[in-house]
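Trainee: Here it is, the structure, as structure tokens.
Values in this text are rule-based calculations from the coordinates and carry no lab data. Given the structure is predicted, the values throughout are model-derived calculations rather than measurements. Cβ: placed from backbone, ideal geometry, glycine included. Neighbour counts: every protein chain shown.
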Amino acid sequence: MVNRKKLEEVYKQNLENDIINAISEMQGIELRKAFDIYYSSKLAEQISNDSYGIENMDPKYLAEDLIENEPELFRVFF
């Protein structure tokens, strides 16, 4: 039998990886910088806390949302 909690954990990890890859591609930055930006964001916190069902949204949409709504993170890491 599949452990539902473990499955949700793997799904979240894959979602976070996809968001980080999308940020890197959209902004033309290194994965490491995209990683730092993502994990400093409110979005990462919301996904971690299962806020608003946000973890069910498309990773590219979430990356675009982060870029648009948290531009200060991009200034900090450049």
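Trainee: Which whole-number percent gives the relative contact order of the chain, counting Cα pairs below 8 Å spaced six or more residues apart? Could you put the intermediate results ahead of the total?
Mentor: Working: 50 pairs, mean separation 26.5, N = 78.
Over the chain, the number comes to 34 percent.
Trainee: Taking the chain as the reference, fit the longest principal axis to its C-alpha atoms, fit the long axis of helix 4-27 to the helix C-alpha atoms, and give the angle between the two in degrees, 0 to 90, nearest 10.
Mentor: Roughly 20 degrees, rounded to the nearest 10.
Trainee: Distance in nm between label sites at residue 17 and residue 58, each 7 Å beyond Cα in the beta-carbon direction?
Mentor: 2.1 nm
Trainee: Return the Rg/Rh value of the chain, two decimal places, where both radii are evaluated on C-alpha atoms and Rh is the Kirkwood radius.
Mentor: On the way: Rg = 12.7 Å, Rh = 12.7 Å.
Here the Rg-to-Rh quotient is 1.00.
Trainee: Related question: In what sequence, highest mean first, do 45-57, 2-14, 61-73, 18-30 appear when ranked by Cβ atoms within 10 angstrom?
Mentor: 18-30, 61-73, 45-57, 2-14
Trainee: How big is the gap, in Å, between the Cα center of segment 29-78 and the Cα center of segment 4-18?
Mentor: 16 Å
Trainee: Also, I was wondering about something else. Between residue 74 and residue 32, 0.36 nm times their residue separation minus their Cα-Cα distance comes to what?
Mentor: The span from residue 74 to residue 32 would gain 13.8 nm if fully extended.
Trainee: How long is the gain from residue 50 to residue 65 if the chain were fully straight, where each residue apart is worth 0.36 nm and the alpha carbon distance is subtracted?
Mentor: 3.7 nm
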